[in-house]
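Take a look at the structure set out below.
Coordinate-derived values only; no laboratory data. In this text the structure is predicted, and so the values were computed from the model without any measurement. Virtual Cβ from ideal backbone geometry, glycine too; neighbours counted across all protein chains shown.
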Amino acid sequence: MKSIDVVVVGAGPVGLLTAIELTLAGASVLVLERLATPSPAMKAMALGPLACEALQRRGMGAAIAGEEARNLAVMQQFTEQNGADWRARMGKYSGHFAGLLIRKDAQREPQRRVRAVNQQGLEAMLGERARALGIDVRRECDVTGLEADDDGVTVTWASPAGEQRLRCAYLVGCDGGRSPVRKMAGFAFPGTAPTTTFYQVMADIDHPERLLPLGWRRTPRGVFSYGPVPGRLFMLDFSRAPENREAPVTREEVEALLRHISDADVRVTALESGSRWADNTRLVDTYRQGRVLLAGDAAHVHSPFGGQGLSLGLLDATNLGWKLAAVIRGEMPDSLLDTYTAERRPVAEAVLANTLAQAALLRPDPQSGAMRELMTELMQVDDVNQRISDMVRGLSTRYDLGTTHDDVGQLASDLHLGDSTASLYDLMQEGTGVLLDATSGNAASALAQASTQRVHCVAVDQGPSMLIRPDACIAWVNAEATTHGLPEALLRWFRRGD
Ligand SMILES: Cc1cc2nc3c(=O)[nH]c(=O)nc-3n(C[C@H](O)[C@H](O)[C@H](O)COP(=O)(O)OP(=O)(O)OC[C@H]3O[C@@H](n4cnc5c(N)ncnc54)[C@H](O)[C@@H]3O)c2cc1C
């Protein structure tokens, strides 16, 4: 039986980025995907700032800009055709919390913004990058079994060529919310059961003027939203959980829902796609069991309010990839992998909590309505607006690295480096860490002694000096011209301590 460093199960966005991160850091990777082609279902329509930055660090900045420009042009045309003021809305607001718009004027770091990159566009750019790196993504491979032991994992899958088996050192399940890997490996997945049915539909309607106006509309029986692209209908039916999520959504069902939720009497003349899902909210106890790890929806599921799921998963991938590769290269101890759960699980916990709160604010009952009115008022307070905005954009993310320094544990935004034409992110394209040395070479000497090849050192005129991990997490900061704490930080993140 052949063997490989890592098998990634699932070529959704999280699986592809995990494979890219591992490959850049020197691990051999095979991606197994059940579907013959990427799913055409409309899912995410926007990508949070931290995920966009993660892709910019790996050479996808131009692709994001192109994708966003195309999508914004479509949204602008649709919005204006429907009589809404696009420029006023885009100038004033950015994102929403349970449909309550977040004001830009009270935002911290407004340049770190949610971008109009949809899931299909994202998967295409990640697929392109994976191809350019020569990553083996095998489609029509349905993973059906795994056996993990102390030395590795044997994975079995069904393919048109018959059943196949392979031995790998580690297996990463990026196989979505119903993750077969999670179930086969026996991860616990506690949380709340579904109570509500959500629909996202792309359809042509005979009388769109009979629909409620654009934007999120809370009605006595649910929630309805039309746009921001032609034909997109988003509906929440709070009366029941879905009986069968797999059953195809029909035209009759969409028409009945539109009548029930928004009193709109319209006919669906063409149904392009329709998905039905629920508000079950669950999180694994641990992201790792021995040599099997989980990332993305496989580790956490929640309602899509505020568009946070994709970013959450992509940042799992960037947190895990370099760590797993460093352990495989033999440069770091296995215990580095435990920091993956320790850092990422609290972030997921916070996202799950805020999506539950958003679900409560959207319910049609009078108590929830009163709470929503109160929240609408509170959002006018600048500090509240800022706090909610940081939360939904993910900017409150700070890993606990055991120090009280404010910046340590945060994810660095891009920085211009003095006179150099290269920015911080330009230096991170190959997946290495960066040491910004404002100590006239003392930090560079400490790095040389640590003898790691995985950190790029740059002299900068102005402080602070910083050690930045490959996932942009700030691991050490010093505003003085000393290297106090740097050798320990290098040892902790970049070199085996024996
Ligand atoms: C309607 C909707 C709207 C959303 N809107 C947003 C938004 O605006 N912003 C946002 O950030 N997030 C949003 N999300 C969430 C986002 O779509 C998910 O978080 C994201 O798809 C998770 O990516 P993933 O790679 O973890 O899983 P998936 O995208 O589910 O990919 C998993 C892959 O694994 C494959 N697979 C499964 N089982 C096997 C197997 N046995 N063998 C091989 N392959 C297998 C699947 O075929 C699939 O390709 C939305 C979700 C929905 C449903």
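Would you kindly derive the ³J(HN,Hα) couplings of the range 469-486 from the backbone phi angles with the Karplus curve 6.51 cos²θ - 1.76 cosθ + 1.60 (θ = phi - 60°), listing them in order in whole Hz, with x for Gly and Pro?
Once θ is set to phi - 60°, the couplings for the range 469-486 become 6, x, 8, 6, 6, 6, 9, 7, 9, 8, 7, 8, 8, 10, 10, 3, x, 5 Hz.
What spacing in nm lies between the two simple spin-label points modelled at Asp365 and Glu488, each 7 Å away from Cα in the Cβ direction?
Those two pseudo-labels are separated by 5.1 nm.
Under 18 Å from a point placed 7 Å out from the Cα of Asp400 along the Cα-to-Cβ direction: which residues of the range 325-361 have their backbone N that close?
Under cut-off, by backbone N: 336-353.
Can you check what the net charge comes to around Arg103, using other residues whose Cβ is under 15 Å from the Cβ of Arg103 (Lys, Arg +1; Asp, Glu -1)? Working shown, then result.
On the way: positive: Arg89, Lys92, Lys104, Arg108, Arg113, Arg387, Arg393; negative: Asp105, Glu109, Glu377, Asp382, Asp383, Asp390.
Taking every other residue near Arg103 into account, the sum is +1.
Residue by residue, what Karplus-based ³J(HN,Hα) values in Hz, rounded to whole numbers, does the range 250-265 have, using 6.51, -1.76 and 1.60 with θ = phi - 60° and x for Gly and Pro?
Each residue's phi maps through the Karplus curve to give 9, 4, 4, 5, 5, 4, 5, 5, 4, 5, 5, 7, 10, 6, 8, 9 Hz.
Taking the range 424-494 as the region of interest, what is the percent of Cα-Cα pairs per 5 angstrom bin, listed from the shortest bin to the one with the maximum distance?
Spelled out bin by bin, the range 424-494 gives 3, 20, 34, 27, 15, 2 percent.
Tabulate in residue order the Karplus-calculated ³J(HN,Hα) for the range 12-25, using 6.51 cos²θ - 1.76 cosθ + 1.60 with θ = phi - 60°, rounded to whole Hz; enter x for Gly and Pro.
Rounded to whole hertz, the list is x, x, 6, x, 5, 5, 4, 5, 5, 4, 5, 5, 4, 8.
Mind checking the dipole of the range 194-279: about its Cα centre, +1 per Lys or Arg Cβ, -1 per Asp or Glu Cβ, Debye to the nearest 20? Mind showing how you got there, number by number?
On the way: 11 positive and 13 negative charges, 56 e Å.
Roughly 260 debye, rounded to the nearest 20.
Please state the shape class of the range 1-141: rounded when a/c is under 1.5, otherwise prolate if a/b exceeds b/c and oblate if not, all from the C-alpha gyration tensor.
Numbers: a/c = 2.81, a/b = 2.08, b/c = 1.35.
Prolate shape, in that a/c is at least 1.5 and a/b is the bigger ratio.
Percent of alpha carbon pairs in the chain separated by more than 41 Å? It would help to have the intermediate numbers written out before the result.
Working: 26689 of 123753 pairs.
Result: 22 percent of Cα pairs exceed 41 Å.
When the helix-only estimate is applied to the chain (DSSP H runs of n ≥ 4, each -39,500 (n - 2.57), divided by the residue count), what is the mean residue ellipticity at 222 nm, nearest 500 deg cm²/dmol?
On the way: 14 runs with 172 residues, N = 498.
Only helices count here, giving -11000 deg cm²/dmol.
Starting from the 7 Å offset along Cα-to-Cβ, what nm value, one decimal, do you get for the label separation of Arg138 and Ser440?
For the pair Arg138/Ser440, the computed spacing is 5.8 nm.
Ser239's amide H: which non-local residues (gap 5+, or another chain) put their own amide H closer than 5 Å, with H modeled 1.01 Å from N in plane and none for Pro or chain starts?
Thr197
Taking the beta-carbon count within 10 Å as an exposure proxy, list Leu415, Leu320 from fewest neighbours to most.
Details: Leu415 15, Leu320 30.
The fewest-first ordering by Cβ neighbours comes to Leu415, Leu320.
As an exercise, use a Förster radius of 25 Å and the Cβ-Cβ distance of Leu72 and Arg387 to find the FRET efficiency, rounded to the nearest 0.05.
Working: r = 27 Å, r/R0 = 1.08.
Taking R0 as 25 Å, the efficiency between Leu72 and Arg387 is 0.40.
Taking 0.36 nm per residue of sequence separation and subtracting the Cα-Cα distance, how much length would be gained by fully extending the chain between Met90 and Thr219, in nm to one decimal?
Working: separation 129, 0.36 × 129 = 46.44 nm, distance 2.49 nm.
So the chain would gain 43.9 nm between Met90 and Thr219.
Based on DSSP, what percent of beta bridges with both residues in the chain are antiparallel, to the nearest 5?
DSSP beta bridges in the chain are roughly 75 percent antiparallel.
If you take the charge dipole of the range 70-185 about its Cα centre, with +1 on Lys and Arg Cβ and -1 on Asp and Glu Cβ, which of Ala148, Tyr170, Met75 is farthest toward its positive end?
Result: Met75, furthest along the dipole toward the positive end.
Relative contact order for the chain: what is it in percent, counting Cα pairs under 8 Å that are at least 6 residues apart? Walk me through the numbers before you get to the answer.
Numbers: 997 pairs, mean separation 87.3, N = 498.
RCO, the chain: 18 percent.
With each pseudo-label sitting 7 Å past Cα toward Cβ, what's the Glu430-Arg165 distance in nm, one decimal?
Label-label distance for Glu430 and Arg165, simple model: 4.0 nm.
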